[in-house]
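This report refers to the structure that appears directly beneath it.
The values are calculated or read from the model by the stated rules, or taken from the named source; none is laboratory data. It should be emphasised that the depicted structure is a prediction, and the values quoted were computed from it without experimental measurement. Cβ sites come from the backbone with ideal geometry, for glycine too, and all protein chains shown count toward neighbours. We work out accessible area using only protein heavy atoms, side chains counted, and drop any ligands, DNA or RNA first. Shrake-Rupley method; radii C 1.70, N 1.55, O 1.52, S 1.80 Å.
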Amino acid sequence: MQLDQLIKSCIKKDRKAQEALYNLYKSKLFPVCLKYCRSHTEAQDHLHDTFILIFDRIRKYKGKGSFEGWMKRIAINKAIDNYKKHSTFELAAYRAVGLSEDVSMYEDELSLSFDTIMSLIQALPQQYRIVFNLYELDGYPHKEIAILLGISESTSKSNLHRAKALLKEKIVNLDKGAVKTIDNHGT
């Protein structure tokens, strides 16, 4: 079935078409979900919730731009909504001005698996992980991140700086064989 026909059938709430669309795109959307979640299980739940939103909003897709990109945007926005809803930190604590930092100096020294890198990113405190993913992995500018998360651009930069510093520390500790867990409160 062609994508256009599949979309039209999903608009009509055809369960077989929805299942086909899910099967067609689940492997492409799962890594997006994984980037914004703390665990594989949480990412699976997020993927499920994302597809519910996709099926609910599919009639709003106007055929302009990539359908896959449209779905990824829903997955990212869903993660941001969850972050805002469940966030326990106070925004005022993150109003510090941050500086950009290059942590690529360790790229050639270590050969880390995707799972190891993802586990390090997932272990970051939530506010750092979200900003890191949006900026480094999805290419959002700080100005847009600030708008999406309801924070200042300087807070976005600061959170990115802190995320990179924590990741660098973890990478160095991996290299030394002394891996420590970053708790979810940044302590």
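The residues listed here are Glu107, Glu101; of these, the one that is open to solvent by 80 Å² or more (accessible area, probe 1.4 Å), among the acidic types (Asp, Glu), over 19 Å from the mean Cα position of the chain (by Cα) and at pLDDT below 95 is Glu107.
Hey, can you tell me all the residues within the stretch 116-140 that are outside any helix (DSSP H, G or I) and either open to solvent by 20 Å² or more (accessible area, probe 1.4 Å) or of a type in the set (A, V, I, L, M, F, W, C) (or both)?
To start, the set of residues in the stretch 116-140 that are outside any helix (DSSP H, G or I) comprises 123-125, 138-140.
Across the stretch 116-140, the qualifying residues are Ala123, Leu124, Asp138, Gly139.
Among residues of the stretch 27-55 that are farther than 15 Å from Arg129 by Cβ, those with a beta-carbon under 9 Å from a residue that is open to solvent by 90 Å² or more (accessible area, probe 1.4 Å) and basic (Lys, Arg) at least six positions away or on a different chain give the pairs Phe55/Lys13. So, in the stretch 59-83, of the ones that are surrounded by 12 or more Cβ atoms within 10 Å (Cβ to Cβ) and among the charged types (D, E, K, R), which residue ends up farthest from Lys12 (Cα to Cα)? Residue satisfying both the conditions and the ranking: Asp81. Applying the set (1) open to solvent by less than 20 Å² (accessible area, probe 1.4 Å); (2) at pLDDT 95 or above to Leu24 leaves exactly one unmet item: (1).
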